[in-house]
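The values are calculated or read from the model by the stated rules, or taken from the named source; none is laboratory data. Given the structure is predicted, the values throughout are model-derived calculations rather than measurements. Here the Cβ positions follow ideal geometry from the backbone for every residue, glycine too, while neighbour counts run over all protein chains shown. Heavy atoms of the whole protein, side chains included, go into the accessibility calculation; ligands, DNA and RNA do not. Shrake-Rupley method; radii C 1.70, N 1.55, O 1.52, S 1.80 Å.
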Amino acid sequence: MNSSDFPMHDAEALAEAPGRVNLLGEHTDYNDGFVLPVAIAQRTRVAMRPNGSRHFTLRAQELDASVRFSFDAPPTEHFASYVFGCLALVRAEGADVPGLDITVSSQVPMGVGLSSSAALEVATLRCLRDLLRLDLDDVRVAQLAQRAEIEFAHVRCGIMDQMASSLASTDRALLIDTRSLQRQDVPLAAGSAVLVLDSGVARSLAASGYNQRRGECEEAARSIGKASLRDVQALQELDGLPDVLQRRARHVFTENARVLQAAQTTDPAAFGALMNASHASLRDDYEVSTPELDQLVALLQAQPGVYGARLTGAGFGGACVALCRADAVQQVADEVLRAYGAAGHKGRQLVPSR
Ligand code: GLA
């Protein structure tokens, strides 16, 4: 056992944060728009204890990996860059950060669009907040977590995932205005439940495709003289744009409208119809779906116990989310995964976890 392999109960500070699934509002956050995520039960735990040195040792239990680094010699391993980013930002805020042994343990599935990286960042910052008695509220934690991801893991993400991990709960969705960061709880419709299935397709193009979409949105907004696509008031404003930019911007405009409508409804069927429309828009206008995601979503949508389904997260692979009748969730999952398997794919159930 090396020094970083300490049992969690020996920690001086211990914190957790959940992954999230986004019910509606995809690719809207970096356009200053609206999102509607909910936390999932799977969580990431981070434990820390000062080690009396100027070094950090980081042990990631599920990856079976240990890394040693310092502020002068940052880690090269990608997973460690999230933790390093949090340490460096807290230090830049003026905190005196001692050398630490850090252990991470996570049940949040990685690489499927459930924000394992945000859960790691938020849990790390919560742990540092406790250990160093930092004066950070939960919004500030989310903002620092997003900066860790952008500046140290080099993903130009929006703020949805970190806000969800820091502020959302599992029993109600959180409507977030990503421009003002104002929030409102949105209870799930009575008798409904969230199901998340992994398509089994790795999100290989996610980073390049994501940054490209983001660039297209920025270009579209610039071309029509708006600070961001959030400021589009009517579809006609997009008329003069080249076809691809027009479709990207149309997705953002219609998706924002769907989120606001969904947040008002208590009818699960109406909510589900908005999820179905979101998937069509992500597939046709935003072009971030894949044949496997389309197939899995179609199988879900064909089930009588399903109100609506769509891809969730950045797309290009990863998971699908469905709003189901609560009493039908397990049956839906079993039947859809069987049919998806018969079509030659290997899916799995992520939420509720089995
Ligand atoms: C990723 C990003 C988020 C958001 C979604 C797409 O999860 O981290 O900020 O942009 O993709 O909605």
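Going through LEU311, LEU293 one at a time, which residue ends up being in contact with a His (Cβ under 7 Å, 6 or more places away or on another chain), open to solvent by less than 10 Å² (accessible area, probe 1.4 Å) and within 23 Å of ALA249 (Cα to Cα)?
Numbers: LEU293 fails: in contact with a His (Cβ under 7 Å, 6 or more places away or on another chain).
The match here is LEU311.
Would segment 23-45 turn up any residue that is of a type in the set (Gly, Ala, Ser), without any contact (Cβ under 8 Å) to a residue 40 or more places away in the chain and surrounded by fewer than 15 Cβ atoms within 10 Å (Cβ to Cβ)? Lay out the reasoning, then the answer.
If we filter segment 23-45 for residues that are of a type in the set (Gly, Ala, Ser), which is where we start, we get 25, 33, 39, 41.
This time we only want the ones that are without any contact (Cβ under 8 Å) to a residue 40 or more places away in the chain, so: none.
So far as segment 23-45 goes, no, none of its residues is of a type in the set (Gly, Ala, Ser), without any contact (Cβ under 8 Å) to a residue 40 or more places away in the chain and surrounded by fewer than 15 Cβ atoms within 10 Å (Cβ to Cβ).
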Screening VAL122, VAL112 for residues that are open to solvent by less than 30 Å² (accessible area, probe 1.4 Å), in contact with a helix residue (DSSP H, G or I) (Cβ under 9 Å, 6 or more places away or on another chain) and either within 16 Å of the ligand (Cβ to nearest atom) or not in a helix (DSSP H, G or I) (or both) leaves only VAL122
Restricted to segment 145-180 and to residues being charged (D, E, K, R) and part of a helix (DSSP H, G or I), the residue nearest to ARG258 (Cα to Cα) is ASP161
Could you tell me whether segment 324-334 includes any residue that is open to solvent by less than 30 Å² (accessible area, probe 1.4 Å), part of a loop (DSSP other than H, G, I, E, B), farther than 15 Å from LEU23 by Cα and modelled with pLDDT of 95 or more? no
Going through segment 66-75 in order, the residues found to be in contact with a Phe, Trp or Tyr (Cβ under 7 Å, 6 or more places away or on another chain) and open to solvent by less than 40 Å² (accessible area, probe 1.4 Å) are PHE69, SER70, PRO75
Listed by first then second residue, the pairs whose first member lies in segment 138-159 and is in contact (Cβ under 8 Å) with a residue 40 or more places away in the chain and among the β-branched types (Val, Ile, Thr), whose partner is more than 10 Å from the ligand (Cβ to nearest atom) and not in a helix (DSSP H, G or I), with beta carbons under 7 Å and at least 6 positions apart or on separate chains, are VAL139/LEU181
